[in-house]
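Right, one structure below, let's go through it.
The values are calculated or read from the model by the stated rules, or taken from the named source; none is laboratory data. Just so it is clear, the structure is predicted and the values come from calculations on it, not from any experiment. Note that each Cβ is placed from the backbone with ideal geometry, even for glycine, and that neighbours are counted across all protein chains shown.
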């Protein structure tokens, strides 16, 4: 009897420890998820993806799965597209802003195969009613482009303003873009100086609040002297800050500056490669670009091994524009041992993309 009691007590202890671990995992996962959303809102896509991947590893939550997919779209990694039907149903039942936004994203970007702007707009509206500012930004874009709704620039601006009012820094960047577009319209050309100052105001505000897309745009204004006195040092300051925070486009721009020797910076091929390589680690578009450079010997010595490394990284992570060249390099033994089985695998993946019309 005493032995049975000890076994029961041990089982209860194990159950308690497991339940405490599950609670801890759940808390940690939610923390990573919220951090991922914050990075996404600041346009630091690769970090956003890494954080939500950690969350999903701890807890298989449908919100985390959708954020993985959304973040991957932010940096040219489209590996995960197939969404289980039960995931979509669970999101509908969650009754929260992010879940509604994720469903809107699902329809907006055609994760079911084809884009459905009307359904996307419906779910974005539900998310916006729950104060989700990302949905407000998407509604603004849909009105601006006439996707699923009648094109209406005034309504686009209204939705951007709502998101700005709630403190969304991407909306602040978009507000600057609204004024930037006005510069190209004939009826607004007499207000060039006024609109330029508005652009600077909004991009500066977004930058000061940590938005990296605002930072690289602000750097352009300093380089051009638009809406503010031309200042290469301040331009470089904001561009480097965005790059150091993890914005891959800023890394690419820095690479170009070092490659060409602009804005008071001396030409430096080593630094140009350094920043492009950092961009390639974050964004498979730049991995493919760096692969092209090594493959063709453009600005660097031709190196098929390095070319294959970058092409294969991009292809392995779902960047479909690298599928064919990886297959070709396996077929010809360029930078890698010949392997017809692997060559055939990548050629078939490339053909499947062609059939889907995703190029």
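Some points to look at:
- Screening the candidates 278, 313, 234 for the property of being surrounded by fewer than 24 Cβ atoms within 10 Å (Cβ to Cβ), in the same structural domain as residue 350 (by TED's automatic domain parsing), in contact with a helix residue (DSSP H, G or I) (Cβ under 6 Å, 6 or more places away or on another chain) and assigned to a helix (DSSP H, G or I) yields one hit, 313.
- Flag if residue 143 is under 26 Å from residue 98 (Cα atoms) and touching a helix residue (DSSP H, G or I) at 6+ places or on another chain (Cβ under 6 Å): yes
- Of the residues making up region 284-298, one or more are at pLDDT below 90, surrounded by 13 or more Cβ atoms within 10 Å (Cβ to Cβ), closer than 30 Å to residue 109 by Cβ and out of contact with any helix residue (DSSP H, G or I) (no Cβ under 6 Å at 6 or more places or on another chain).
- Qualifying positions in region 237-270 - at positive phi and in contact with a helix residue (DSSP H, G or I) (Cβ under 7 Å, 6 or more places away or on another chain): 246, 263, 264
- All positions within region 237-275 that are touching a residue at least 60 places away in the same chain (Cβ under 8 Å), crowded, with 18+ Cβ neighbours inside 10 Å and in a helix (DSSP H, G or I): 248
- The set of residues from region 207-231 being in a helix (DSSP H, G or I) and in contact (Cβ under 8 Å) with a residue 40 or more places away in the chain comprises 212, 213, 214, 217, 223.
- Within region 54-74, tally of residues that are more than 14 Å from residue 282 (Cβ to Cβ) and either in the same structural domain as residue 102 (by TED's automatic domain parsing) or in a helix (DSSP H, G or I) (or both): 14
- Taking the criterion of being within 26 Å of residue 118 (Cα to Cα) and either at pLDDT 90 or above or touching a helix residue (DSSP H, G or I) at 6+ places or on another chain (Cβ under 7 Å) (or both), the residues of region 173-193 that qualify are 173, 174, 175, 177, 178.
- Taking the conditions (1) under 19 Å from residue 210 (Cα atoms); (2) in contact (Cβ under 8 Å) with a residue 60 or more places away in the chain in turn, residue 281 satisfies each one other than (1).
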